[in-house]
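The values are calculated or read from the model by the stated rules, or taken from the named source; none is laboratory data. Predicted, not measured: the structure shown is a model, and the values here were computed from it. Cβ coordinates were reconstructed from backbone atoms using ideal geometry, including for glycine residues, and neighbour counts include every protein chain displayed. The protein model used for the area step is the full one, side chains on, heavy atoms only, and it has no ligands, DNA or RNA in it. Shrake-Rupley method; radii C 1.70, N 1.55, O 1.52, S 1.80 Å.
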Amino acid sequence: TRETLKSELRALLGVLPGADRRDDAADDRIAVSHEETGKLELYFQTIHRVSEGNRASGAEALVRWHHPKHGLLTPDRFISIAEEGGLIEALGRWVLLEACQAATNWPSATFVAVNVSPLQLRAPGFHEEVGRILYETGLTPSRLELEVTESALIADSGHVTASLERLRQRGTQISLDDFGTGYSSLSHLMQFRIDRIKIDRSFVSLLGARAEGAAIVSAIVSLGRTLGISTTAEGVETDAQCAFLAAVGCTDLQGYLFSRPMPLHDLQRLDGFSAISEDRQEELLRIIPSKAL
Ligand code: C2E
Ligand code: MG
Ligand code: MG
Ligand code: MG
């Protein structure tokens, strides 16, 4: 079924809007109809700022595959398939485009976080690609946060660091996802300029369960504070975890306690993310005198 999923995903990416700049892998796509492959959709999970009374300040894009046979597939079922099948660049490009497009409809104080695969990050031209998507969607670069993992930074020839640094200089935020689960975390923090640490859910889930949890989490938060880096706790599920994280100075919180990943339509019904409809935009353009624009 792995091979089947791979060819279905290949077909799917071949017909997706935004995947029109095809790479070699997508070129040899086989003809599989939409009914057979289903469709991809971005879900979004809110991220909450402790200093603003846990108000939602941004959202992380999490890709889903509505599969006609297997139902709703989460990324753990197909990201590695995309990676080994040479499809991750096309998938990543689609995710970035969709996420940036979505965020242009949210209030300007919000941000969108997008996961980037190590392979995608290492591909030549990655930062130009991001630049092009920002330009095409019109999203302010600082409203995009790229989530990278330590594995993407290991064995870097300098190319990945340089490309991230160029994006950073234009204002795009870089966060280190699943912090603490990779290798030589501390040396990476010193070597690469990042804006945020995402504390892996495996540590957050220890809070309240095992004594080490509190020690590990507060150590990561104070490391972040010392380095002037924001910290987002992933997988916050209980009020007690939330209270502890706020008390030790964690800056942002994400998890089922606040929201589950949801379709864009549902996100935009929430307070901080309501979209301005196209009708309303046109109406506003009519009421605002042209010389004021
Ligand atoms: P991640 O970036 O660490 O994302 C957080 C994962 O934790 C998400 O799983 C989310 O649904 C889940 N989660 C959030 N809050 C809670 C909670 O309170 N409790 C529990 N038990 N889980 C929680 P998801 O959506 O299945 O994504 C899994 C991973 O797949 C992500 O981990 C990310 O590394 C990867 N991924 C997702 N979307 C993309 C994408 O567009 N591109 C790439 N390259 N990777 C992606
Ligand atoms: Mg992430
Ligand atoms: Mg991750
Ligand atoms: Mg994570």
Across the stretch 154-176, the tally of residues that are part of a loop (DSSP other than H, G, I, E, B), open to solvent by 40 Å² or more (accessible area, probe 1.4 Å) and among the polar types (S, T, N, Q) stands at 1
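To keep it simple, each residue is scored yes or no on (1) small (Gly, Ala, Ser); (2) at pLDDT below 90.
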{"position": "Leu144", "(1), (2)": "no, no"}
{"position": "Glu147", "(1), (2)": "no, no"}
{"position": "Asp156", "(1), (2)": "no, yes"}
{"position": "Arg170", "(1), (2)": "no, no"}
{"position": "Gln173", "(1), (2)": "no, no"}
{"position": "Leu176", "(1), (2)": "no, no"}
{"position": "Ser184", "(1), (2)": "yes, yes"}
{"position": "Asp195", "(1), (2)": "no, no"}
Scanning the stretch 168-193 for residues that are within 16 Å of ligand 1 (Cβ to nearest atom) and of a type in the set (A, V, I, L, M), the one farthest from Pro124 (Cα to Cα) turns out to be Leu176
Of the residues in the stretch 230-254 that are in a loop (DSSP other than H, G, I, E, B) and within 19 Å of Ser57 (Cβ to Cβ), the one that is most open to solvent (accessible area, probe 1.4 Å) is Thr251
Expected single match for within 28 Å of Val63 (Cα to Cα) and more than 16 Å from ligand 3 (Cβ to nearest atom) among Leu223, Leu257, Leu227 is Leu257
Ala103 meets each of (1) among the small types (Gly, Ala, Ser); (2) within 16 Å of ligand 4 (Cβ to nearest atom); (3) open to solvent by less than 10 Å² (accessible area, probe 1.4 Å) with one exception, condition (2)
Here the residues within the stretch 130-153 that are over 28 Å from Val217 (Cα atoms) and either surrounded by fewer than 19 Cβ atoms within 10 Å (Cβ to Cβ) or within 16 Å of ligand 2 (Cβ to nearest atom) (or both) are Gly131, Arg132, Tyr135, Glu136, Thr137, Gly138, Thr140, Pro141
Please determine whether any residue of the stretch 193-202 is under 18 Å from Gly255 (Cβ atoms), within 16 Å of ligand 2 (Cβ to nearest atom) and in contact with a helix residue (DSSP H, G or I) (Cβ under 6 Å, 6 or more places away or on another chain). yes
